[in-house]
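Step one of this worksheet: look at the structure below.
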Amino acid sequence: MSAWYYLGRLHNLTTTPYGRVLLVKLAFVGVAMGLGALNRYVVLPRLRRSAEKPGSRLGLLMCLARSLRLEVAALLGALGGAAVLLHAMPPAAMPPRAFDRPACAANAAHTTPAADQAPRLRLVRVR
């Protein structure tokens, strides 16, 4: 949920490096979830049913082992994506670009000051 806060807009999901890494991470998580569901609802029930037949069980165990290896690889990919996101600058923290600024004069207060304008300093007397 914090990623949604950091993205700011849905458009940033595909137009910023942070958003693209987030999509890749979500894809890895989706693959891991799909493989976990496959193992839980397809492969394991077949293994239980084939307990009496040792010959057919070997193929299912190999299928389960392969699926578990893929699931671990997907989870490692998601972990790598999380590590990249930890050090990436989210779109909300990025400086505004010229085409992201509002074009309307009523929204001019939301734009950043021009480079030639120095920020005004206020002096505060401390007692």
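Computed from the coordinates by the stated procedures, all read-outs in this text should not be read as laboratory data. Model, not experiment: these values are computed from the prediction. Backbone-built Cβ (ideal geometry, glycine too); neighbour counts: all protein chains shown.
For the reader, a short list of remarks on this structure follows.
- With a Förster radius of 35 Å applied to the C-beta separation of Ser2 and Leu47, the computed FRET efficiency comes to 0.35.
- Ordering Leu47, Ala83, Met62 by the projection of their Cα atoms onto the charge dipole of segment 38-91, which places +1 on the Cβ of Lys and Arg and -1 on the Cβ of Asp and Glu, puts Leu47 at the extreme positive end.
- Rounded if a/c under 1.5, otherwise prolate or oblate - segment 2-96, Cα gyration tensor axes: prolate
- Note that segment 72-84 has calculated 3J(HN,Hα) couplings of 5, 5, 5, 5, 5, x, 5, 5, x, x, 5, 5, 5 Hz, one per residue in order, obtained from phi through the Karplus relation 6.51 cos²θ - 1.76 cosθ + 1.60 (θ = phi - 60°); glycine and proline are x.
- Likely footprinting exposure, Lys53, Lys25, fewest C-beta neighbours within 10 Å first: Lys53, Lys25
- One decimal place: the segment Arg40-Leu23 gains 3.6 nm when fully extended, by the rule 0.36 nm per residue minus the C-alpha distance.
- Residue-count net charge about Ala32 - beta-carbon cut-off 15 Å; Lys, Arg +1, Asp, Glu -1: +3
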